[in-house]
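Quick note: the coordinates plus some simple rules give every number you see, no bench work behind them. Just so we're clear, the structure is a prediction, and the values are computed from it rather than from any experiment. All Cβ positions, glycine included, derive from the backbone under ideal geometry; neighbour counts span all protein chains shown.
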Amino acid sequence: MSSSPVFKSGNTAVITGGASGIGLALATKCAGYGMTVIICDNNSSNLSTAKSTIKGKVDTLELDVSKVDDFEKLKAMVEKDFNGKIDLLALNAGIGLRGSWPDTSYFHKIMSINLFGVTNGISILLPLVTSHSTASHPCSIIVTGSKQGITNPPGNPAYNASKAAVKTLAEHLSFDLSKSSPTTSVHLLVPGWTFTGLSGNEPFAKESEKKEKPKGAWTGEQVVEFAEKKMAEGKFYIICPDNDVTEEMDKKRMLWDRMDLVEGRPPLTRWREDYETEAKEWMDKTEL
């Protein structure tokens, strides 16, 4: 039995990007608690396999998170078939596309999915969460972010910007709901290195086609277990470690990044050659 009240038999979970990776692990977790799970994804094949593979009450909907109309269809489905109630809303869908500064389509596509996939979900579905959230029956919203949206490593500006915006949105949502719906908790789930479809772990692949998980990476299931624990503790920021990066290392990296701003240094000094030695020495000697 979960120590987080939202993981409860009879509750309804809606998960975008739920047919692979962390979303699939979360869907499986929810179904295991006897929850009704609505898995939303743009991959019809994975949706079909997820529905037939996960044991429990599972419905699916093919959904493009960049389209408001698709979320309206999801809302209508929940109102018609699930009493208009969502107890756990996980806005998890995302892509890891790479591109360059002249490539405008790279920026538009990432923002349409990673950023507007969250804003669309909140705008359309939020009333289905907050309308029945009470002290005796609290509801939760999980928004999947990224460490790249916090420490901003060089190499993928559109992705980093999308996840930085998602962090900001989740923070504002948490603050606003603390006033208007204080029994609805909001959680920013920030995975570490995770072996998902984005890193070559295709869901439902044949045994002969499966890739070996890198030793440093966590599985989607480990991320969900960690998230469940932190949700039970009432944490908004769920910053997941992995097998290579500890929680303390993450804290040091985030603090160094903020110090660029506070101390007036150039941005991204952790990756600049003229700050390399200083950054390493600070990381080694600092205790948090």
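Inside the stretch 1-25, residues that are hydrophobic (A, V, I, L, M, F, W, C) and in a strand (DSSP E or B) make up a count of 3. Checking each residue of the stretch 93-101 against the condition of being touching a Lys or Arg at 6+ places or on another chain (Cβ under 8 Å) and surrounded by fewer than 21 Cβ atoms within 10 Å (Cβ to Cβ) gives at least one match.
Scanning the stretch 162-195 for residues that are without any contact (Cβ under 8 Å) to a residue 24 or more places away in the chain and closer than 30 Å to residue 214 by Cβ yields a count of 2. Cβ separations smaller than 8 Å between residues 6+ apart or across chains give the following pairs from the stretch 117-130 residues that are within 15 Å of residue 180 (Cα to Cα) to residues that are among the polar types (S, T, N, Q) and surrounded by fewer than 19 Cβ atoms within 10 Å (Cβ to Cβ): 130/180. Quick one: would you say residue 27 is within 22 Å of residue 203 (Cβ to Cβ) and free of Cβ contacts under 8 Å to residues at least 40 places away in the same chain? The answer is yes for residue 27.
Note on the stretch 26-44: among residues that are over 16 Å from the mean Cα position of the chain (by Cα) and not in a helix (DSSP H, G or I), the one that is surrounded by the fewest Cβ atoms within 10 Å (Cβ to Cβ) is 34.
Just one of the listed residues (64, 59, 69) is acidic (Asp, Glu), assigned to a loop (DSSP other than H, G, I, E, B) and over 16 Å from residue 128 (Cα atoms), namely 64. Hey, can you tell me all the residues within the stretch 78-92 that are assigned to a helix (DSSP H, G or I) and crowded, with 16+ Cβ neighbours inside 10 Å? Once the filter is applied, which keeps residues that are assigned to a helix (DSSP H, G or I) and crowded, with 16+ Cβ neighbours inside 10 Å, the stretch 78-92 yields only 78.
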